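Bear in mind these aren't lab numbers, they're just calculated from the coordinates by the rules spelled out. Since we're looking at a predicted model, the values are computed, not measured. So basically every Cβ, Gly included, is an ideal-geometry build from the backbone, and we count neighbours across all protein chains shown.
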Amino acid sequence: MNTKKKAIKLHRELWDWLYHHPSKKKYDWPGWKMNGGIHPDVENDCFACKYMFTHTGCAFTALRMCEKHCPLVWPGGACYEGERLYYNWERAVTFSRIKKYAKLIRDLPERK
């Protein structure tokens, strides 16, 4: 994953699919090679993480790295902090809640 633009585009494609398929998880996305798509597995099944790890040399999720280098701006600084959008999506049990968080994650602003 060479460009921030590509990482964000793929992030939005993945999360748009999750919004429209609330019974599915990230690993179910048809874009992954294992599901017949063209994209190899990436860290955390997350294109933003893959971009960050590639461009920082960081091989693990570290809060300060995410706050500074994730190509997306998360409320609270990271996907698992602040408003905890990812945490809330992962633990939501109703389709309406799952869709709510998938949409919020899909539409996160780009870090300038």
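What to note about this one:
- In terms of surrounding Cβ atoms within a 10 Å radius of their Cβ, F95, F53, F47 rank from fewest to most as F95, F53, F47.
- Along principal axes, Cα extents of the chain, largest first, whole Å: 35, 34, 22
- Pairs spanning more than 18 Å between alpha-carbon atoms, out of K33/K100; K26/K103; K50/K100: K33/K100; K50/K100.
- Fewest-first sequence of H11, H55 by Cβ atoms within 10 Å of each Cβ: H55, H11
- Proxy reagent accessibility, fewest Cβ within 10 Å first, across M65, M52: M65, M52
- For L85, net neighbour charge (Lys/Arg +1, Asp/Glu -1) across residues whose Cβ lies under 14 Å away: +4
- Here the chain is treated with +1 on each Lys and Arg Cβ and -1 on each Asp and Glu Cβ, and its dipole about the Cα centre works out to around 240 debye.
- Value at 222 nm in deg cm²/dmol, rounded to 500, when DSSP H runs of n ≥ 4 in the chain each add -39,500 (n - 2.57): -14000 deg cm²/dmol
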